[in-house]
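Nothing in this text is a laboratory measurement; each read-out follows from the coordinates by a stated rule. Values in this document were obtained by computation on a predicted structure and should not be read as measured data. Methodologically, a virtual Cβ is constructed for each residue, glycine included, from the backbone with ideal geometry; neighbour enumeration extends over all protein chains shown.
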Amino acid sequence: MGRTRSWLVTGVLAGVVTAGLGACAGDSSPTSTTDGPPTTEVLAGQTITVYSGRNEALVGPLFAQFTRDTGIKVETRFADSAAFAAQIAEEGANSPADIFFSQDAGALGALAKRKLLTPLPKDALDAVNAKYRGDDGTWIGTSGRARVIVSSDSLPPASIPKSVFELTDAKWKGKIGISTNNASFQSFVTAMRVTAGEERTKEWLKGLKANEPVIFPSNAPVVKAVNDGQIHLGLVNHYYLFEVGKEIGADKLHVRNNFLGNGDPGALVNVAGVAIPKASKHQAAAAAFVRYLVSEPGQRYFAEKTSEYPLIMGVSAFPGLPALAEIDGPDIDLSDLDTLEVTLGMLRDAGLL
């Protein structure tokens, strides 16, 4: 990805959709999503183009569910979130994207900073806590994911690091798994830069590199490697434990999530999120999609199917997870995760990317 990576249904649902979807169908005005809504019947049959930085296997069924419930069709393109953010910027007013569904807040913040996004409907924004949406109202979190240290059940609980800064201890040499090309890992490092400072982050990356971590192409293999005894610890998002458990069987899982605290950057709660590019030619239908993701059916999907944290009141998290409010992560405005290019440079300089 070279240059681009360096830049960065009835019933309840019918009420949700018709409660306010935007202005007239096809209206491309940047403010159209805040006006009176057309009916569901008017929007049914329209097609929106979604640029998704989220994995097709995870969210493809959700898109199909949305179409079944609303009649709005979805054409999808799947790629890296940072790459899509760069593509939307390059396409400008000619972008075919009606929705940008990002894996993390950083890519959304980068587009918001460039004034390339449309303000979202107020009721959709109000459904989610202010800490999980953009300050300018142009993007909104759709599900939460907490960073954790996964560890082998063979390790005594007292031996598990209480901070990511402990991972530079020589006793963990060759025993740590990470996925440095993953957007969530990069956002975590960005959060460390913002909260702990660039010098401390550089030193941590240098120390981590010296400990010869095993670098994997994605997060699920990290969990599997811990489970198989190849490594002892891994840095991932919390839901990968459950994803691997579903794949291999819970009875074969010998790994646990360790949630950090005390403001540690390793306890970052990031969000997947959604925005409507200004170039969208189907703003009302795009607003319907945004509303759906933060409606009860959409939030139940994230909680039950992907084991992520729902972000609206009234939808329970996946069983066994600590309450989102109990996770004591770094005090950070998620919009500040938009400086991805600086993080990528640091990872390259440290030899981790």
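Assuming R0 = 45 Å, can you tell me the calculated FRET efficiency for the pair residue 215 and residue 126, based on Cβ-Cβ distance, to the nearest 0.05?
Once the sixth-power term is evaluated, E becomes 0.65.
Quick check for me: using +1 on Lys/Arg Cβ and -1 on Asp/Glu Cβ, what's the dipole size of the chain about its Cα centre, in debye to the nearest 20?
Here the chain has a charge dipole of around 560 debye.
Quick one: what are the phi-derived ³J(HN,Hα) couplings along segment 50-65, Karplus 6.51/-1.76/1.60 with θ = phi - 60°, whole Hz, x for glycine and proline?
So the Karplus estimates, Gly and Pro as x, are 10, 8, 10, x, 8, 4, 4, 5, 7, 10, x, x, 5, 5, 5, 4 Hz.
Highest mean first, what order results for 191-199, 247-255 on Cβ atoms within 10 Å?
The densest-packed peptide leads the list: 191-199, 247-255.
Excluding same-chain residues fewer than 8 positions from residue 252, which lysines have a Cα within less than 18 Å of its Cα?
Result set, ordered by chain and number: 224.
Evaluate E = 1/(1 + (r/R0)^6) for residue 163 and residue 281, where r is the Cβ-Cβ distance and R0 equals 45 Å; express this FRET efficiency to the nearest 0.05.
0.40
How far is it, in nm, from the label point at residue 339 to the one at residue 171 when both lie 7 Å from their Cα along the line to the Cβ?
3.4 nm
Using amide H atoms built 1.01 Å from N in the peptide plane, name the residues 5+ places from residue 270, or on other chains, whose amide H lies under 5 Å from its own.
145, 147
What order do you get for 160-171, 286-297, 179-190, 221-232 when each peptide is scored by the mean count of other beta carbon atoms within 10 Å, highest first?
Those peptides, ordered most packed to least, come out 286-297, 179-190, 221-232, 160-171.
Once every DSSP H run of n ≥ 4 in the chain is given -39500 (n - 2.57) and the sum is divided by its residues, what mean residue ellipticity at 222 nm do you get, rounded to the nearest 500 deg cm²/dmol?
Here the helix-only value at 222 nm equals -10500 deg cm²/dmol.
Any idea what diffusion coefficient the chain gets from Stokes-Einstein, in µm²/s, Kirkwood Rh on alpha carbon pairs, 20 °C, 1.002 mPa s? Provide the component values of the computation, followed by the final result.
Values: Rh = 20.6 Å.
Calculated translational D: 104 µm²/s.
Could you check the spin-label model distance between residue 44 and residue 316? Points 7 Å from the Cα along Cα→Cβ, value in nm.
Result for the modelled spin labels: 3.3 nm.
I need the shape label for segment 151-305. Rule: rounded when a/c is under 1.5, else prolate if a/b > b/c, else oblate, with a, b, c from the alpha carbon gyration tensor.
Oblate.
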